[in-house]
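Written below as structure tokens is the structure these notes are about.
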Amino acid sequence: MANVRLEDIKRRFNNVTAIEDITFEIPDGEFWVLVGPSGCGKSTILRTIAGLETATSGKLFIGDRLVNNIPARQRDVAMVFQNYALYPHMSVAQNIGFGLQMRKVDRKIIQERVMNVARSLSLDHLLDRKPKQLSGGQQQRVALGRAIAREPQVFLLDEPLSNLDAQLRDDTRAELKQLHQELGITTIYVTHDQVEAMTLADKIVVLNRGRIQQIGDPQTIYASPANQMVASFLGSPPMNILPAIYQNNGFDVSGQLLAIPAVVKEKLQLHQGHSYDLGIRPEYIKINTDSERVEQQLSANSTQNSGLLSVEVKVVEPLGRETLIRAGLPGSAVMLNIQVGGDMRLRPGDRLSLQLDLNQLFVFDPKTGDRIL
Ligand code: ATP
């Protein structure tokens, strides 16, 4: 096991800068997840750590060893890919033991280790099968087994669950987490799936356009995102972003005026006529059932209120325990995600009054996306 340290790593491909300013240190034994949209550079970072790419500049350490010029096979890392990359002509046992065989480990030791790994991954009854005789989930477990059997210092996993169907993905995700708890091997995991990032990680590194946006544990990143990109990327349904203008002592959101919460007034120097992006997570929006207030609001939309917004239901997505609603602000293209109880019957076209918990409001700079409150 080892810690992994990246110091100002940059990788250019001709005139494309894939990643830059990449600096972080993963302590020994932790599970870190690199997450971000397609093309943000997460695979390039992983491949650079693996030794499959060479950093254009910067330093990379595994343990105390500077490994920039050390070939992949001498880095003592094991990588698992999305497409499993199993040898089709070899049995499960041979696939799992392959790395050890290459290192000329004693046959008896290989047999023993393959058996142990197969048992821990519930593959022990499949050892004689060929990959094509296995399900996708089983194949991915063999790929994991091959990596584990090598007992590397670091695991590198590149979207290992993407090829699995939803149920299997959930199960394998939980197995992976348990496996990490048992083995305690430093693990770096790449995904574009924010659920995987939130559920697996000790620490998440959020990337966008080749740069780190934020590093933190899942709860901190969710509760305190550094910018609009991070805020919108983590969380399902995502945070609602409402473009607003500061005027008449309130936030004008498509013609509806929200009161400025005391905490915003205290901490932020707002400028008349300036634009701000307001962020609010779906769990802080409730449907207001006080019909008198709703009537008042609908008849006098521009009256400043404590946190009411009138919207029209556009899409209803029942999930059983809860229902997801996409609702539009009248006269604008702005849409909001709301979660309501599964027993609530709503239809497209219904008008709703929403109560926003203004104490949970984020304020972003619409030009830079930076969080200003
Ligand atoms: P995805 O989730 O789609 O796999 P990613 O976040 O892993 O994306 P990378 O594969 O690391 O992104 O790519 C980062 C950027 O570098 C992209 O703009 C990509 O087009 C570019 N890039 C990656 N490899 C090469 C290459 N060999 N030559 C040129 N550009 C490349």
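Computed values, structure above
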item	result
Size of electric dipole in the stretch 4-229: Cβ of Lys, Arg +1 and of Asp, Glu -1, about Cα centre, debye, nearest 20	860 debye
Partners for Lys367 among lysines (Cα-Cα distance below 24 Å; same-chain residues under 8 apart left out)	Lys265, Lys267
Euclidean distance of C-alpha centroids, the stretch 48-68 and the stretch 121-152, integer Å	29 Å
Viscosity 0.890 mPa s, 25 °C: Kirkwood-radius Stokes-Einstein D of the stretch 80-223 over Cα pairs, µm²/s	153 µm²/s
For the stretch 49-141: relative contact order, % (alpha-carbon pairs under 8 angstrom, 6 or more apart)	26 percent
Charge dipole magnitude, Cβ of K and R +1, D and E -1 - the stretch 174-265, Cα centre, debye nearest 20	380 debye
FRET efficiency, 1/(1 + (r/R0)^6) with R0 35 Å, evaluated for Phe24 and Asp357 via beta carbons	0.55
Neighbour cut-off at most 15 other Cβ (10 Å), DSSP loop, trypsin sites (Lys or Arg not before Pro), the stretch 165-255	Arg209
Estimated Rh, the chain: Kirkwood, alpha-carbon pairs, angstrom	23.4 Å
Accessible surface, per residue, of the stretch 30-84 when the full set of protein chains is kept, probe 1.4 Å, Å²	43 Å²
Apportionment of accessible area to carbon and sulfur, the stretch 4-229, percent (1.4 Å)	46 percent
Relative contact order, percent, the stretch 4-229 [alpha-carbon distance under 8 Å, six or more residues apart]	29 percent
Cα-based shape type of the stretch 110-155, given that a ≥ b ≥ c are square roots of the gyration tensor eigenvalues and the cut on a/c is 1.5	oblate
Rounded Å value of the spacing that divides the Cα centres of the stretch 318-345 and the stretch 8-38	36 Å
Dipole axis of the stretch 4-229 (+1 Lys, Arg; -1 Asp, Glu on Cβ), positive-most option in Pro27, Gln214, Val142	Val142
The stretch 194-220 versus the stretch 256-272: alpha-carbon centroid distance in Å	30 Å
Stretch gain in nm, segment His271-Met335, where the contour uses 0.36 nm per residue and the Cα spacing is subtracted	20.5 nm
Theoretical gain in end-to-end length, Lys10 to Ile372 [0.36 nm per residue, Cα-Cα removed]	127.5 nm
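The values are calculated or read from the model by the stated rules, or taken from the named source; none is laboratory data. What you see is a predicted model, and the numbers here were worked out from it, not measured in a lab. Backbone-built Cβ (ideal geometry, glycine too); neighbour counts: all protein chains shown. For the accessible areas, the whole protein counts, side chains as well, though only heavy atoms, and no ligand, DNA or RNA atoms are used. Shrake-Rupley method; radii C 1.70, N 1.55, O 1.52, S 1.80 Å.
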